[in-house]
Amino acid sequence: MLVVMQAHASQADIGGVCGKIEALGFRPHIIPGAQRTAIGITGNPGAIDPCEFVDLAGVAEAIRVSKPYKLVSREVKPDNTVVEVAGVPVGGADLVLIAGPCSVESREQILASARAVKDAGAQLLRGGAYKPRTSPYAFQGLHEEGLQYLAEARAETGLGVVTEVIDVETFELVERYADCVQIGARNMQNFSLLRRAGRSRLPVLLKRGISSTLEEFLMAAEYILSEGNYNVILCERGVRTFADHTRNTLDLSVVPAVQSLSHLPIIADPSHGTGRRDKVHPMALASVAAGASGLMVEVHPTPDRALSDGFQSLYPDQFRALAADCRAVSELLSRRRG
Ligand code: PEP
Ligand code: MN
């Protein structure tokens, strides 16, 4: 159920509707819009009678939301959401480049990566301190030490930090250092982690599960919004198919599909989406052309010595070329759109 307020509705009118929703035992979500405010309702086990709201002061209409996801849907919020990460708007007019190594491996490695990606035009730094690895014997990350190096890289370069959180136990620790918490593909349906992210003050970058449908992806985001955190960035990172010329198949048609169903920004990760260094640049360009609001790209000062995802990590010079080409495409498209 969505209660749409009249354009001139007062704060007291909005408060009245929220009070009524709470009195019914449900949770109100105020969604400000360009024209008027809407109030979403969650926590109701069944349908709510619109008559409960239509006669309240300032209410224009009460409508049923047809999709299983509510707060992430465009029905509920027609305007695009712009998520700020350390002052960088994601989902606005400018293409956002998030770059850095797969894992934080040492102080020197993350500082060198941060300097290189900043110099090449990235606005945000990525790097995992907690790594979800297929093998328990593979490098698992430097944990808090890695987070400290990321904070040092931020202090030196000014780049905001996006880093992965893999469980509820370490969430608070990651929150202390990060500007945006990443929930990885393997955890897209870790519902307790999603709920915890929903109670975080930080924006969340949610990656699509390895074989998840669009509806499952949006429902995962709904978990985060339903707890009160509306700052969610979606990320297409490739799904598993029969194709064996790449590690995953970057499903770029999900970009316009998300944009028609949801107001949340969507970016693409052509590094995990292809798994091969030579395919990252062309698929980054394709992602921008398809309308992605940003890119997440793995870059390493010495990819051949990387402790994770070296095959798909770009050399700094390759990232510089990718950044320049992707910005050119993005600017061309926004000029043509006027
Ligand atoms: C990563 O970003 O390094 C990562 C593990 O990504 P994904 O969850 O998409 O596999
Ligand atoms: Mn990786």
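The values are calculated or read from the model by the stated rules, or taken from the named source; none is laboratory data. Everything numeric here is computed off the predicted structure, so don't read it as measured data. Glycine gets a Cβ as well: all are built from the backbone with ideal geometry, and neighbour counts include every protein chain shown. Accessible surface areas use protein heavy atoms only, side chains included; no ligands, DNA or RNA. Shrake-Rupley method; radii C 1.70, N 1.55, O 1.52, S 1.80 Å.
Test residue 24 against the stated conditions and say whether it is of a type in the set (A, V, I, L, M) and either open to solvent by less than 20 Å² (accessible area, probe 1.4 Å) or on the phi > 0 side of the Ramachandran plot (or both).
No, not satisfied.
Scan the range 64-94 for residues that are without any contact (Cβ under 8 Å) to a residue 60 or more places away in the chain and open to solvent by 70 Å² or more (accessible area, probe 1.4 Å) and jot them down.
Passing the criteria: only 66.
Out of the residues in the range 227-254 meeting the condition of being under 24 Å from residue 202 (Cβ atoms) and free of Cβ contacts under 8 Å to residues at least 60 places away in the same chain, tell me which one is farthest from ligand 2 (Cβ to nearest atom).
Out of the qualifying residues, it is 227.
State all residues of the range 291-316 that are touching a Lys or Arg at 6+ places or on another chain (Cβ under 9 Å) and among the hydroxyl-bearing types (Ser, Thr, Tyr); if no residue qualifies, say none.
Listed by number, the residues that qualify are 308, 313, 315.
Does at least one position in the range 206-222 carry a residue that is in a helix (DSSP H, G or I), without any contact (Cβ under 8 Å) to a residue 60 or more places away in the chain and open to solvent by less than 30 Å² (accessible area, probe 1.4 Å)?
yes
Considering each residue of the range 138-158, count those that are open to solvent by less than 40 Å² (accessible area, probe 1.4 Å) and either within 14 Å of the chain's Cα centre (by Cα) or touching a residue at least 60 places away in the same chain (Cβ under 8 Å) (or both), and give that number.
Adding up the residues that qualify gives 1.
Within the range 237-261, restricting attention to residues that are among the small types (Gly, Ala, Ser) and surrounded by 13 or more Cβ atoms within 10 Å (Cβ to Cβ), which residue is farthest from residue 183 (Cα to Cα)?
257
From the list 122, 112, which one is under 18 Å from the mean Cα position of the chain (by Cα), touching a residue at least 24 places away in the same chain (Cβ under 8 Å) and open to solvent by less than 70 Å² (accessible area, probe 1.4 Å)?
Of 122, 112, the one residue that is under 18 Å from the mean Cα position of the chain (by Cα), touching a residue at least 24 places away in the same chain (Cβ under 8 Å) and open to solvent by less than 70 Å² (accessible area, probe 1.4 Å) is 122.
Just to be sure I understand, how many residues within the range 262-282 are within 16 Å of ligand 2 (Cβ to nearest atom) and crowded, with 22+ Cβ neighbours inside 10 Å?
Here the count works out to 9.
Taking the stated definitions as given, is residue 97 more than 19 Å from the chain's Cα centre (by Cα), crowded, with 17+ Cβ neighbours inside 10 Å and away from ligand 1 (no atom under 13 Å from the Cβ)?
For residue 97, the condition - more than 19 Å from the chain's Cα centre (by Cα), crowded, with 17+ Cβ neighbours inside 10 Å and away from ligand 1 (no atom under 13 Å from the Cβ) - is not met.
For the range 46-63, how many residues are open to solvent by 60 Å² or more (accessible area, probe 1.4 Å), more than 31 Å from the chain's Cα centre (by Cα) and of a type in the set (A, V, I, L, M)?
2
How many residues are of a type in the set (S, T, N, Q) and outside any helix (DSSP H, G or I) if we restrict to the range 146-195?
The total comes to 5.
Among the residues of the range 92-100, are any in the same structural domain as residue 154 (by TED's automatic domain parsing) and more than 30 Å from residue 338 (Cα to Cα)?
Yes: the range 92-100 contains one or more residues that are in the same structural domain as residue 154 (by TED's automatic domain parsing) and more than 30 Å from residue 338 (Cα to Cα).
Restricting attention to the range 45-59, does a residue exist that is under 16 Å from residue 225 (Cα atoms), touching a strand residue (DSSP E or B) at 6+ places or on another chain (Cβ under 9 Å), not assigned by TED's automatic domain parsing to the domain that holds residue 160 and not in a loop (DSSP other than H, G, I, E, B)?
No, there is no match, as no residue in the range 45-59 is under 16 Å from residue 225 (Cα atoms), touching a strand residue (DSSP E or B) at 6+ places or on another chain (Cβ under 9 Å), not assigned by TED's automatic domain parsing to the domain that holds residue 160 and not in a loop (DSSP other than H, G, I, E, B).
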